[in-house]
Every structure is written in C-alpha cells, then in structure tokens.
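Notes for the one structure printed next.
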Amino acid sequence: MLLQIAEPGQSAKPHQHKLAVGIDLGTTNSLVATVRSGKADTLPDEVGQHLLPSVVRYLDNGELRVGSDARAQAADDPFNTIVSVKRLMGRGLEDVSRLGDQLPYEFTQGEGGMPYLKTVAGDKSPVQVSADILKVLAARGIESLGGELVGAVITVPAYFDEAQRQATKDAAKLAGINVLRLLSEPTAAAVAYGLDHAAEGTFAVYDLGGGTFDISILRLNRGVFEVLSTGGDSALGGDDFDHVVAQWVLQQIGHTELAQSEQRRLLDLARAAKETLTSQDQAEMSITLAGQAWQGVLTREQFDQLVESKIKQTLRACRRALKDAGVSTDEIAEVVMVGGSTRVPHVRTLVEGFFGSVPHSEIDPDRVVAIGAAIQADVLAGNKPDAEMLLLDVIPLSLGLETMGGLVEKVIDRNTPIPVARAQEFTTYKDGQTAMVIHVLQGERELVDDCRSLSRFELQGIPPMTAGNAKVRVTFQVDADGLLSVAARELGSGVESVVEVKPSYGLSDGEIARMIKDSFSNAQEDLDARTLREQQVDADRLVEALESALAADGERLLSVEDRTILNQGIEQLKRLRQGSDHKAIAKGVEVLSQASDEFAARRMDDGIRRALSGHSIDEI
Amino acid sequence: MTIEQNYFALFGLPQGFQVDAALLSERYRALQKTLHPDRHVQQSEREQLLAVQASAHLNEALATLKSPLKRAAYLLTLKGVDTDARSITISDHAFLLQQMTLREQLEEARLAEVPLDALEQLLDRAESFQRELSASLEQYLASDAAEALDMALQTLRKLQFFDKLRYEIELLEDQLADL
C-alpha cells in the first residue's frame, strides 16, 4: 500500500464517497446493488421490487417497457417482447438458428454477422436490448443514490467467451455506463460469501441461473480471491428445465405444433410448475392449447426424472473444473449455491451427493452476485483505499490460432490467470509468400471447425523470402476484463504490421456510435452534449488521479521542476474543462497524460520495489 | 518500467529445479496486491496500462515456475540452451519402444473389461516412469556442463511425451465417465 503523504498547504482531499454500483445482468432477472454505510445491498424500484425481469417490450410508437410490465405481455405480444436476450449475446445468426424453436423471434442479419431481432420498433441487436435493461438499472442506481455514478461492475458468467464478454461491454457503453470491471458471477458470489463468513480455504461456487451454468473453484487467502479453475455451459440453465416440462406437457396432450403466443404461455405454465415443486410434492397444471383444454398433475418425482440429465451435465463440468484446479472434493471447504435455479431441490440433492457436503445458500441466491459486484465496485471506485481485497480471475476457454490442416494451436490455455500476454512465432510455408492469414479461435477442441471463430485477419506486406525465413510474431493480450486483442508483426525484415482485432460477432465502433446517436431524439445536439460530458469526466478523472498521485509520491519521486510542470498542466486542464469545446478538452487530456508518463512509470517501479522489499533474495 | 525479468528473482526464490510451491503462491499474491490493474483503476491511463503489463508478466512468471516442465525449459533457456521441441530428436530407442508399448496399452484399456481400472494401472505405470525421469532431470539441471545440459534437454523431451500420454489418459477417462 502506498502511503498518503499530505504536503503542507496541499492537504489531501477530504474523503469523498464515490457512487458506484454492481449490476447482475441475468438471463431471467437483473439486479443492481451498492454499498452504503459499509453495507452492500440490492436496490428496489419505486414499488419495492428488487428483481427486474430481463424482459424488454418494444411498442410501435417507439416507446419501450422493461421488467414486470413487459414480462406480463410476453404471451400476448411474443415477437416484440424480448425475453432471455442474454442467450443471444455475442452469438452469430448460425448459433441462434441452432437454438431453434426455443426462440420465437424473427431474425435478420446485421453487420458482422450479428443477429438482429425484428420488432415493431425496428431491428434490435441483442446488445441494444441488453443496453435497454442496463439503462433502467443504472437509472435506479442514480435515483436511489442521488448522484451520478463513477461506474459499475457488471457481472458475466465465468464461462462467457470473448465475444459474449465484448457484447456485454458494448451494451454498457451503449447505455452510457462506465464499466469499472467485468466480473465473473461465481467470483462475485464468492466475494459476498467470503467476506461475510471471514472464510479461508478452497471453495466451489455452483451457479445455475436461468440460462447459464458456471462452476468455479476458488482459493481465498487473506483477502485475495484466486480463481483456480472455472467451467460450465453458457447455454444451460433453469430455462431448460421449463423446456423439458413443456415438452412433457405436449407429450401428454399429443400436440407438437404451437403458435408463438401459445408456446410462451406453455413455458410460463412450465415455469410456474417448477417453482411450485420447489416447496410442494406436486403441481397441478391446466392450459388450453389449440382450443383444447388440458389438465394434469406433475409430481416432484416425475419432475426430478425429467431434469436429471440436465443436472448431471452440470456435474460433469464440476468434475472437470476440480481436475483442472488439481483439487479433490474433500479439499473443498464449502460449496456455495448461486442462481435462482439452485432452488430446485433435486439440484441441491445431486450437488450435495457429488461434493459430499451440504451446500450453502444463506445469502439469497438471486441477489448474492449483485451484492458481490457492489462490494468490488466500491473498492474499484476508490472508497476503500486500505482494502485488502483482490480478485484474481482466469480465462475460461483456451485461445489459439489456426495452423496448417485446419488444426488449432493453443496460445493461451484455459484457466490461465488474467491479465496475460503471450506471443507465438510462425513462419511462411511458400517461397515469396507476402501475406499470412491469422485466424483466432477459442475452445478446447483440436479442429478449427469445433472451436469458436473469434476473428480472422490478414497480415500483409511480408517481404518476399524463401519459405520458412519470415518470422511472424503473433501476440495475444487478455486484459483484466477477459477481453482479447491480437497483434501480428513480421520480425525478420524489420517490417512491422500490427492489427488489432475485435471478435467477429461484436459490434463495430461505427455501429456503436450510430446506435448511440439513434437513441437521442435531437441527435446531433444531444450527441455533442454527451461527448462533452464524457470528455469532462475523462478530464476530471485524470486531474484527480494525478493530484492524489502527486500528494502521495510527488516529492519523493519528482524534481521540483517536474512537479511544477505537472501542476501547471493540471491547472490548465481544469481551465479547459470549464469550457464547452470537447475537442480542446480531449487534446488537453492527451497532453497532460503524456507529460505524466514518466511519473506513472516511476510510481510503478516504486510499487514493485516496495512489494519485493518484503522478501529480497539475500533473506533466503 | 524496470520490472525484474528473471522469474526466480522476481519472486525472490533461489534459481533451481526445486521450488517451494507454497512460498511461490504467497509471493505471487503479495506482488499482485501491488501490481494488479484493480489496484490502479483510479489512476491515469498510462499507469493502468503499466499495471496490466506488469501483472501479465507476473502471471507468466507464475505459470512458468509452477509447472515442472515449463520450469525446466526456462532453466535451460537461462543457461543458453534452445528448447524448441521441433529441434530435438530423441535417439533413445528403448524409450521410443516403451512409449509405443504404453500407447498400445492405452488403446487396449479402452476395450478392457473395466476400462477405468485399466487406465488407473496405466497411469500408475506412467507416473513411476515420470518420477524417475524427473529425478534425473533435476541432477542434470544442477550442472552447467554441456553434456549434462544436453541430457537435461533429452530428458525434458521425454517428460513432454509422458505429459501428452497423461493428457490422453485423462481425456479417455473423461469420455468414459461421461457415458
């Protein structure tokens, strides 16, 4: 920890509580939480509801409804009421058609292969629909806290791949939310539990939500949460239980073909039965489909049998995660249950049987993820400068490149801690070859066709040489949000060509800009206002960061002259920030950042020295 | 930035094949508490970028020292030996024969009466070979003589074969368990 040294006449700023929230953007329900007076809790809407159903209904007058109202209309207006949009995030049109009849929507192809949903209010990308949910949650946060937010921690399933994470971050950008960090849901849950129980040791977090399943094995040691391994299925959840029950009802009736609105009603019926069976031994069901009334009873035993194969699928992922972590079930101190679907008794029974210990669920499994995210947001916003807490996460799926013969060469293995950077060298295989295709893939299988294609680009301008003489270095970088960038560079001749990539199914920056623009009624004016606001926030952030860094380390690490230059730069940016020329502010931010580069580097070196000074080599 | 490039020095550990795993984890956590990007969210973009680089370097160092095979390859690199697997050929015929036999046994295990038991036995056998090889690898690595380093490289390559074999045994185990 760096000491805060207050200089005379330049006293450190009084402690200001920054407003930050944690958001659990779920398949079925979403939540927003925050830390107030040291306690993390979820925030209710104006009628006291904490859970916001992740449902958006688009109306023909351009208005929209989000939450319970929208969900109530899902059966009457199935095409314009988007449910479980999380299942579509970061997915291509092909993946979506594979989900088949589970989705009632009509799709059309957008830029970059992204599926758009046809609604009366125009075509909507899954990212836009998610942004509409996020906007409601952010507004709830601002309303309850009474001020602007410095940012949010948004949770994603641990097993979300690159494209799904990028789509989530894009949605936040579209909603105007500053993302402090994308956080894995099970890790968030572990934070909420770990801090509550002051626990130490190895944990398993079993997280079965509406549409996704995650298992994470974590080690908690003096405030550090280290994810050892993670596994799961980003297309398996409680929704699948509903579908299995719906299939069963159809079998009883002898029907197969259903209209969209009927299908929605049937799924609602199935979900109601599932919920009843969490506390009752049987559920009475009745529905009229295609003009035919049906009545029946589903017992707990029958239900358990119907869903057992789905639950066993989750246990296979648990076994793999334990193996990857190098941990056996008896080394697991506690199993934590997260996600609404863990309320199903048979899930609890089978999980208990697998781990050999009674799973914990003292914190409401629906809210625990948002609560953990809020705790992390509070730390990242800088409200707890002395907090010991640190979360060390991993990438869930291996990243690699296509090589000859349609095979994948792994560059970064799954469960590697992030951030991570790794380079691999390749060469040309033909005489005079001047270009090389770089195909980035994610997945565990050996064949290209069995992995998810993230990006494909061509490195051009390789000087003609005999085969095997060119040296192309491909560098993968994964940041702390789990987001990847890839660069390729030809080394042999000194010619450089660097390409940054974004996943194939993401939105282009142009698309995001256009959507942001479209979302304003007086497009240009509003957009300018938003841009100005963003630049001002950037300027404030930089000024504040530099002022606190100067107060802490300025005297120790900088000469008087250097300090004067930086202080002048700060004053100048403060003046610019008062004006309304967003370009001038952006320029000012750039100039001051550059001027402070050296200081940043010195501070980092100093930090490393301090961390190492506790265990120098000569002590051994 | 001048972050320590030598992984052993970075963690303040003596350079050698034996590494105290508990100490390694402890120091890794202590360093991440300073370097991780989450510790620099409120700082300038430049500092955030440096934090990502430093933290990634630390993760790479941990991954290298944690795995015995990566650690051995790293030690050899530090001693100036090229460890690129493509440039090493194993001339030990007895070893190659042994590998072929083990792979045949892997195929046979799939069809055995109780496949999981057969795999378990195979894994035991592979592990005892691995232990022997690791012990000699450690001895070779303790020396700086060219001959010893060449033996170390050969032994490392052999251990990589075993690594691949174990991976395949475990893959088959997973497949059988999924049925």
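The values are calculated or read from the model by the stated rules, or taken from the named source; none is laboratory data. Keep in mind that what you see is a predicted model, and the values were worked out from it rather than measured. Glycine also receives a Cβ, built like all others from the backbone with ideal geometry; neighbour counts cover every protein chain displayed. To get the accessible areas, we keep the full protein, side chains included, count just its heavy atoms, and leave off ligands, DNA and RNA. Shrake-Rupley method; radii C 1.70, N 1.55, O 1.52, S 1.80 Å.
Things to note:
- When residues of the stretch A:323-343 are limited to those that are crowded, with 22+ Cβ neighbours inside 10 Å and among the aliphatic types (A, V, I, L, M), the one farthest from A:Ala190 (Cα to Cα): A:Ala325
Yes/no per residue for (1) within 23 Å of A:Ile332 (Cβ to Cβ); (2) open to solvent by less than 20 Å² (accessible area, probe 1.4 Å); (3) not aliphatic (A, V, I, L, M):
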{"site": "A:Pro186", "(1), (2), (3)": "yes, yes, yes"}
{"site": "A:Phe203", "(1), (2), (3)": "yes, yes, yes"}
{"site": "A:Tyr206", "(1), (2), (3)": "yes, yes, yes"}
{"site": "A:Ile215", "(1), (2), (3)": "yes, yes, no"}
{"site": "A:Val224", "(1), (2), (3)": "yes, yes, no"}
{"site": "A:Asp242", "(1), (2), (3)": "no, yes, yes"}
{"site": "A:Leu258", "(1), (2), (3)": "no, no, no"}
{"site": "A:Gln263", "(1), (2), (3)": "no, no, yes"}
{"site": "A:Asp268", "(1), (2), (3)": "no, no, yes"}
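- Failed criterion for A:Ala317 (all others in (1) closer than 28 Å to A:Glu257 by Cα; (2) within 13 Å of chain B (Cβ to nearest Cβ) hold): (1)
- Considering the stretch B:11-45, the residues that are more than 9 Å from chain A (Cβ to nearest Cβ) and small (Gly, Ala, Ser) include one that is least open to solvent (accessible area, probe 1.4 Å), namely B:Gly16.
- Condition met for B:His57 (at pLDDT 90 or above, facing another protein chain (nearest Cβ under 9 Å), open to solvent by less than 40 Å² (accessible area, probe 1.4 Å) and under 30 Å from B:Arg157 (Cα atoms)): yes
- Single match in A:Asp207, A:Asp214, A:Asp239 (criterion: part of a helix (DSSP H, G or I) and away from chain B (no Cβ under 13 Å)): A:Asp239
- Residues satisfying the stated conditions in the stretch A:126-155, i.e. among the hydroxyl-bearing types (Ser, Thr, Tyr) and in contact with a helix residue (DSSP H, G or I) (Cβ under 8 Å, 6 or more places away or on another chain): A:Ser130, A:Thr155
- Here B:Tyr167, B:Tyr140 are screened, and the one residue that is part of a helix (DSSP H, G or I), within 14 Å of chain A (Cβ to nearest Cβ), within 20 Å of the chain's Cα centre (by Cα) and not β-branched (Val, Ile, Thr) is B:Tyr167.
- Only one of A:Ser485, A:Ser398 that is open to solvent by less than 70 Å² (accessible area, probe 1.4 Å), free of Cβ contacts under 8 Å to residues at least 40 places away in the same chain and within 14 Å of chain B (Cβ to nearest Cβ): A:Ser485
- Residue check for A:Ala539: over 25 Å from A:Asp605 (Cβ atoms), within 14 Å of chain B (Cβ to nearest Cβ) and without any contact (Cβ under 8 Å) to a residue 60 or more places away in the chain: yes
- Qualifying residue in the stretch A:441-454 (condition: within 30 Å of A:Leu228 (Cα to Cα), of a type in the set (Gly, Ala, Ser) and away from chain B (no Cβ under 14 Å)): yes
- Residue match in the stretch B:121-136 (condition: among the hydroxyl-bearing types (Ser, Thr, Tyr), in a helix (DSSP H, G or I) and in contact with a helix residue (DSSP H, G or I) (Cβ under 9 Å, 6 or more places away or on another chain)): yes
Table: residues versus (1) open to solvent by 50 Å² or more (accessible area, probe 1.4 Å); (2) not β-branched (Val, Ile, Thr).
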residue: A:Val85; (1), (2): no, no
residue: A:Gly110; (1), (2): no, yes
residue: A:Ile142; (1), (2): yes, no
residue: A:Gly146; (1), (2): yes, yes
residue: A:Ala152; (1), (2): no, yes
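- Residues of the stretch A:309-319 include at least one that is modelled with pLDDT of 90 or more, open to solvent by 10 Å² or more (accessible area, probe 1.4 Å) and touching a strand residue (DSSP E or B) at 6+ places or on another chain (Cβ under 6 Å).
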